[in-house]
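The values are calculated or read from the model by the stated rules, or taken from the named source; none is laboratory data. It should be emphasised that the depicted structure is a prediction, and the values quoted were computed from it without experimental measurement. No Cβ is skipped: glycine too gets one built from the backbone with ideal geometry, and neighbour counts run over all protein chains shown.
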Amino acid sequence: MTLSWIQIFGHMFAQFTPVFVSLIAVFIISIFLKRKLGLYGKLFDSVIGMFGFAIVMFWVFTAIFADAIITIQPLEQFSGMKNKVPGTPLVGVEDTWFLLGGDNLARDVFSRMVMGSRQVLIIAPAATTFAFMVGVTLGVPAGYYGGRYDTGMSFLANLVLSFPVILLFYLLVTPEIRETGIPIYLAAVLFLFPIVFFTILLNSRFYTQPKKRNLYVAMTLILGLWAYSGLAFNADPTGFFYMDPNLLNIFVAVVFVNSPTVFRIVRGLVLDIKTRDYVAAAQTRGEGPWYVMLWEILPNARGPLIVDFCLRIGYTTILLGTLGFFGLGVSPESPDWGSTINEGRKLLSIYPHPALPPAFALMSLVLGLNLLADGLREESLRD
Amino acid sequence: MGMFILKRSGLMILTALCLTFVVFFLTNLYPNLEKLAKTEGNMRMSDEQVISWLDNRGYTQNVFKRYGEWLGIVPGFRHTDEEEGKITGRCIRTSNTPETAPNFCGVLQGDFGFSTVFKEPVSTIIGRRLGATGKLMLFAFLVMVPMALVIGILAGMREGSRTDRSLSTFAIATSATPEYVSGVILIAVFASSAFGLKWFKGTATSAVDDATFVNFTLPVLTIALYGVGYIARMTRASMAEVMTAQYIRTARLKGVSFANIVIKHALRNALIAPFTVIMLQFPFLLTGVVIVEILFNYKGFGWTLVQAAGNNDIELLLSCSIVAVIVVLVTQLISDIGYVFLNPRIRVS
């Protein structure tokens with residue numbers, strides 16, 4: 001028997017139970033402790049921020065509990081379920097329905113949407129973090145020193161930014177480019193920045209205490225280079241760090257597109273903050289330039305950077321969707337939202353149901369991140 | 001001012017050169033050329049055949065030399081077939097013979113090359129497709145800008161009011177909806193049989209020659225919606241700031257009506273910031289246009305770009321990237337100059 005829409009929502013609600021339970025737990029604990037939690041706690045004073053945070057956490061928990069939420073394996077095909085409407089029962093299995101219908105290859109739309117959240121929520125924040133590392137490491141000295149280095153780097157950043165994003169993706173994310181090894185070279189350069197950043201960060205803070213410095217820097221280098229060898233060159237001897245060549249290609253392209261914008265934002269912030277009195281005080285104290293940059297200026301730029309980080313995760317999600325939409329770099333089986341929308345759009349005027357769930361999912365996640373950023377901005381401006 | 005424009009133009013040319021070289025380099029990597037040879041020649045070519053195919057057409061020369069040929073500062077490639085004694089070359093087309101063909105044929109000579117996918121000179125393709133995209137962009141702008149400004153002004157004139165809250169949320173929601181999501185939703189709602197509202201058409205193929213309300217509304221709306229949110233938020237912020245200024249308070253104390261304050265006093269100053277944002281929307285629109293043209297199968301510039309990139313049509317892709325880069329750089333320049341004109345407190349030097 002085909003389910004009615006009320007029953008479909010009832011079943012979906014039941015499937016999402018672990019998500020709702022965790023969401024409620026997080027909210028109760030956070031509201032209870034909100035005065036002790038700094039900026040995160042203040043978020044719970046703003047309705048918009050709370051709303052955004054709830055949507056974002058909904059998808060985070062969905063990604064975590066995806067295995068428990070799905071009703072049917074996302075890659076499994078069932079004969080007779082092709083393009084079936086939402087709520088169609090699965091023949092031969094008790095109490096199992098295609099809650100949001102079947103797609104063109106007779107797979108369950110609901111389970112694919114849930115599984116797709118995992119892809120997005122791993123790649124988008126990670127790529128954004130890397131883009132921030134690159135942007136900060138290059139942008140802070142550009143703003144602080146100015147001069148030729150700044151002119152050169154700004155020119156390069158503007159160069160990348162004047163590329164239409166789609167063209168860049170079409171050039172950088174193809175099987176032919178993977179053959180030439182360019183993504184690996186790009187990864188080799190881009191993945192170096194986090195290591196450089198943390199090494200300089202710790203070195204500039206602790207260089208007066210050589211014992212501590214040596215320990216921290218050595219730890220960073222060992223961990224960093226270990227991950228680096230695995231992620232960029234797929235040469236990790238233990239096999240713990242590993243990235244699929246397809247994924248590496250997408251990841252590198254997204255980081256490459258995002259970092260110039262971060263560079264410009266960081267540079268602008270540093271230009272503003274370096275005229276403050278506490279920076280002059282640190283310089284007079286005789287602190288080294290990197291200490292001033294990373295321990296005096298950067299922490300004071302955190303407000304706008306956190307806000308931009310949230311917005312940028314949303315933007316990266318959109319970019320990943322765009323890649324999927326053009327069928328670039330992802331395997332055709334992949335349940336990620338962009339490629340599911342792309343598959344669904346071909347039969348859109350006859351069967352709209354396979355394309356709509358991932359579309360709404362992507363939209364709600366980006367909306368949540370935007371609202372969260374708005375709430376954070378409001379709250380960080382208040383004091 | 002003259003100096004500023006001169007300097008910016010120099011920088012623009014440098015940027016355009018760098019960008020086209022990057023595109024040239026990436027499209028001319030060996031695996032790409034191999035793919036080109038196999039799609040143009042024969043799918044089952046052996047490695048030696050691929051190399052000789054590429055050799056005969058000059059694809060294996062040094063990349064800088066070939067870039068120079070494309071630009072028109074290095075003489076075009078010529079190849080003499082030893083068995084038949086026939087001369088082929090870059091500049092030799094069906095319209096001319098080896099004797100009459102010019103020595104240089106590059107962008108500087110106004111020759112943008114020949115498309116391998118569409119079998120037509122690139123300049124005619126680009127010209128026609130740009131016309132189609134121009135129409136789409138024009139209508140998108142006509143919908144987007146007034147809508148965004150009205151939303152922004154209504155929201156910003158009474159900051160914190162209920163109108164402000166709801167319009168701001170609408171603005172955030174539209175800027176969180178990329179074109180491929182809003183387009184899919186719009187088609188599903190207004191053009192699919194499932195919802196039964198078949199008001200518009202889900203494809204815009206026929207709109208290139210004959211745009212009607214039925215086939216052109218959805219693509220225009222899809223592009224416009226994504227841009228509206230951003231411009232509206234900028235307008236709102238700028239309007240809200242102006243409304244707190246001293247001279248607005250003075251006007252209000254004088255007894256000027258609220259409508260008059262908004263229209264006569266606030267609006268002019270509030271529209272400076274959005275102007276720059278509107279100009280800088282062009283590059284963003286470019287991405288949106290590509291998505292929308294693919295989604296609605298509207299054969300314009302974006303559609304051509306995807307075809308060129310997908311089939312590694314080098315010369316067409318290069319010309320597409322030139323157009324895209326010029327659009328981006330010129331809008332940046334206009335927004336800088338316009339900003340100075342609108343805001344006399346700023347000097348360019």
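Below are the figures for this structure:
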| quantity | calculated |
| --- | --- |
| Helices (runs of 4 or more DSSP H) contained in region A:164-239 and holding at least 3 residues among the small types (Gly, Ala, Ser) | A:210-233 |
| Test: residue in region B:158-169 that is under 19 Å from B:VAL277 (Cβ atoms), assigned to a helix (DSSP H, G or I) and either aromatic (Phe, Trp, Tyr) or modelled with pLDDT of 90 or more (or both) | yes |
| Residues satisfying the stated conditions in region B:77-88, i.e. at pLDDT below 75 and either in contact with a Lys or Arg (Cβ under 8 Å, 6 or more places away or on another chain) or surrounded by 15 or more Cβ atoms within 10 Å (Cβ to Cβ) (or both) | B:ARG78, B:HIS79, B:THR80, B:ILE87, B:THR88 |
| So B:GLY89, is it more than 30 Å from the chain's Cα centre (by Cα) and either over 30 Å from B:GLU69 (Cα atoms) or without any contact (Cβ under 8 Å) to a residue 24 or more places away in the chain (or both) | no |
| Residue match in region B:257-267 (condition: among the aromatic types (Phe, Trp, Tyr) and more than 13 Å from every other protein chain (Cβ to nearest Cβ)) | yes |
| Options A:VAL262, A:VAL279, A:VAL255: the member that is in contact with a Leu (Cβ under 6 Å, 6 or more places away or on another chain) and at pLDDT 90 or above | A:VAL255 |
| In region B:275-326, the residues that are farther than 17 Å from B:THR203 by Cβ, touching a Phe, Trp or Tyr at 6+ places or on another chain (Cβ under 6 Å) and at the interface with chain A (Cβ under 9 Å from one of its Cβ atoms) | B:ALA309 |
| Which numbered condition A:GLY147 misses (of (1) at pLDDT below 90; (2) surrounded by fewer than 15 Cβ atoms within 10 Å (Cβ to Cβ); (3) within 14 Å of another protein chain (Cβ to nearest Cβ); (4) more than 24 Å from B:ASN28 (Cβ to Cβ)) | (3) |
| Residue check for B:GLY229: at the interface with chain A (Cβ under 10 Å from one of its Cβ atoms), in contact with a helix residue (DSSP H, G or I) (Cβ under 7 Å, 6 or more places away or on another chain), at pLDDT below 90 and within 20 Å of B:LEU286 (Cβ to Cβ) | yes |
| Selection count, region A:94-140, where residues are without any contact (Cβ under 8 Å) to a residue 12 or more places away in the chain and surrounded by 24 or more Cβ atoms within 10 Å (Cβ to Cβ) | 0 |
| Tally of residues being among the charged types (D, E, K, R) and away from every other protein chain (no Cβ under 14 Å) across region B:4-46 | 2 |
| Matching residues, region B:105-130, being of a type outside the set (Gly, Ala, Ser), in contact (Cβ under 8 Å) with a residue 12 or more places away in the chain and part of a helix (DSSP H, G or I) | B:VAL107, B:LEU108, B:GLN109, B:VAL122, B:ILE125, B:ILE126, B:ARG129, B:LEU130 |
| Which listed residue is within 24 Å of the chain's Cα centre (by Cα), crowded, with 17+ Cβ neighbours inside 10 Å and modelled with pLDDT of 90 or more, from B:VAL143, B:VAL107 | B:VAL143 |
| Sole residue being free of Cβ contacts under 8 Å to residues at least 60 places away in the same chain, within 8 Å of another protein chain (Cβ to nearest Cβ) and in a helix (DSSP H, G or I), chosen from B:VAL214, B:VAL181 | B:VAL181 |
| So B:ILE185, is it more than 15 Å from B:GLU293 (Cα to Cα), within 24 Å of the chain's Cα centre (by Cα) and of a type outside the set (Gly, Ala, Ser) | yes |
| Breaking point among (1) assigned to a helix (DSSP H, G or I); (2) over 22 Å from A:VAL257 (Cβ atoms); (3) of a type in the set (Val, Ile, Thr), for A:ILE350 | (1) |
| Residues that are closer than 17 Å to A:ALA25 by Cβ and charged (D, E, K, R), drawn from region A:44-81 | none |
| Residue in region B:35-50 that is β-branched (Val, Ile, Thr) and touching a residue at least 24 places away in the same chain (Cβ under 8 Å) present | yes |
| Unmet criterion (only one of (1) within 11 Å of chain A (Cβ to nearest Cβ); (2) modelled with pLDDT under 80) for B:TYR339 | (1) |
| Condition check for B:MET239: crowded, with 20+ Cβ neighbours inside 10 Å, in contact with a Gly (Cβ under 6 Å, 6 or more places away or on another chain), part of a helix (DSSP H, G or I) and away from chain A (no Cβ under 13 Å) | yes |
| Options B:SER168, B:SER193, B:SER182, B:SER238: the member that is among the small types (Gly, Ala, Ser) and farther than 30 Å from A:ILE48 by Cα | B:SER193 |
| Residue within region B:164-171 that is buried (at least 22 other Cβ atoms within 10 Å of the Cβ) and over 16 Å from B:THR235 (Cβ atoms) present | no |
| Filter pass, B:VAL256 being modelled with pLDDT of 85 or more, over 24 Å from B:ALA140 (Cα atoms) and not in a helix (DSSP H, G or I) | yes |
| Within region A:323-337, considering residues that are among the small types (Gly, Ala, Ser) and within 11 Å of chain B (Cβ to nearest Cβ), the one surrounded by the most Cβ atoms within 10 Å (Cβ to Cβ) | A:GLY324 |
| Residues of region A:165-187 satisfying the condition of being under 18 Å from A:PHE263 (Cα atoms) and either at the interface with chain B (Cβ under 8 Å from one of its Cβ atoms) or of a type in the set (S, T, N, Q) (or both) | A:VAL165 |
| Any hit, region A:266-282, residues being hydrophobic (A, V, I, L, M, F, W, C), crowded, with 23+ Cβ neighbours inside 10 Å and farther than 29 Å from B:TYR226 by Cβ | yes |
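Let's see how each residue does on (1) within 12 Å of chain B (Cβ to nearest Cβ); (2) buried (at least 22 other Cβ atoms within 10 Å of the Cβ):
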| site | (1), (2) |
| --- | --- |
| A:PRO289 | no, no |
| A:ILE297 | no, yes |
| A:LEU305 | no, no |
| A:GLY321 | yes, yes |
| A:SER339 | yes, yes |
